[in-house]
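Engineer: The structure under discussion is supplied below as structure tokens; questions concerning it will follow.
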Amino acid sequence: QVQLVESGGGLVQPGGSRRLSCAPSGSIFNINAMGWYRQAPGKERELVAIISSSGNTNYADSVKGRFAISRDNAKSTVYLQMNSLKSEDTAEYYCYIRTRTINYRDYWGKGTLVAVSS
């Protein structure tokens, strides 16, 4: 069964940068969208950034100008470059991939913790 493998989480100082990566453990087809969600302690999971198959991107207002999502279609890999990190960015970050033919299916990573603290 295909799993999403995330990497790049860890402790980072405020104002620092971090890059998250996510790739399927096996082949995955018909990717419709790839993205990142996050969930901070005591809060609901929220969309951070998403990139569609057409390359269209959307970002949460709180990360616009600081985060950038990108993808490598050949590797089915999605990245999240996080700059100017704030303590408010501390959360568990989850990779997300949606595939679709006639129907769609969502895949989720296990999550990687990004802790922004001095």
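Engineer: Can we say Leu4 is in contact with a Phe, Trp or Tyr (Cβ under 7 Å, 6 or more places away or on another chain) and under 28 Å from Ile102 (Cα atoms)? Can you show your working first?
Structural biologist: Values: in contact with a Phe, Trp or Tyr (Cβ under 7 Å, 6 or more places away or on another chain): yes; under 28 Å from Ile102 (Cα atoms): yes.
So Leu4 passes the test.
Engineer: Somewhere in the range 94-114, is a residue over 23 Å from Gln3 (Cβ atoms) and of a type in the set (D, E, K, R)?
Structural biologist: In the first step, residues of the range 94-114 are kept if they are over 23 Å from Gln3 (Cβ atoms); the result is 102.
Going one step further and asking which of them are of a type in the set (D, E, K, R), we end up with none.
No.
Engineer: Against the condition among the charged types (D, E, K, R), over 15 Å from the mean Cα position of the chain (by Cα) and surrounded by 13 or more Cβ atoms within 10 Å (Cβ to Cβ), how does Arg100 come out, does it pass?
Structural biologist: Working: among the charged types (D, E, K, R): yes; over 15 Å from the mean Cα position of the chain (by Cα): yes; surrounded by 13 or more Cβ atoms within 10 Å (Cβ to Cβ): yes.
Here the answer is yes, as Arg100 does meet what is asked.
Engineer: Within the range 14-29, count every residue that is surrounded by 12 or more Cβ atoms within 10 Å (Cβ to Cβ), modelled with pLDDT of 95 or more and part of a loop (DSSP other than H, G, I, E, B).
Structural biologist: Final tally of qualifying residues: 3.
Engineer: For the range 103-118, how many residues meet the condition of being open to solvent by less than 90 Å² (accessible area, probe 1.4 Å), over 23 Å from Arg66 (Cα atoms) and not in a strand (DSSP E or B)?
Structural biologist: Number satisfying all stated conditions: 0.
Engineer: Between a residue in the range 21-37 that is in contact (Cβ under 8 Å) with a residue 12 or more places away in the chain and any residue that is of a type in the set (Phe, Trp, Tyr) and part of a strand (DSSP E or B), which pairs come within a Cβ distance under 6 Å, given they are 6 or more apart or on different chains?
Structural biologist: Ser21/Tyr79; Gly35/Tyr96; Trp36/Tyr93; Tyr37/Tyr94; Tyr37/Tyr96
Engineer: Can we say Glu92 is in a strand (DSSP E or B), more than 12 Å from Ile31 (Cβ to Cβ) and open to solvent by 20 Å² or more (accessible area, probe 1.4 Å)?
Structural biologist: Details: in a strand (DSSP E or B): yes; more than 12 Å from Ile31 (Cβ to Cβ): yes; open to solvent by 20 Å² or more (accessible area, probe 1.4 Å): yes.
In short, yes.
Engineer: Would you say Arg105 is among the basic types (Lys, Arg) and touching a residue at least 12 places away in the same chain (Cβ under 8 Å)? Reasoning before the result, please.
Structural biologist: Working: among the basic types (Lys, Arg): yes; touching a residue at least 12 places away in the same chain (Cβ under 8 Å): no.
Here the answer is no, as Arg105 does not meet what is asked.
Engineer: Restricting to the range 30-46, give me the number of residues that are among the polar types (S, T, N, Q) and part of a strand (DSSP E or B).
Structural biologist: Within the range 30-46, the first condition is being among the polar types (S, T, N, Q), and the residues that meet it are 30, 32, 39.
After this cut, where a residue has to be part of a strand (DSSP E or B) as well, the list is 32, 39.
Result for the range 30-46: 2.
The values are calculated or read from the model by the stated rules, or taken from the named source; none is laboratory data. Predicted model only: the values in this text are computed from it and were never measured. Neighbour counts are summed over all protein chains in view; Cβ atoms, including those assigned to glycine, are modelled from backbone coordinates with ideal geometry. All accessible areas refer to the heavy atoms of the entire protein, side chains included, with ligands and DNA or RNA removed. Shrake-Rupley method; radii C 1.70, N 1.55, O 1.52, S 1.80 Å.
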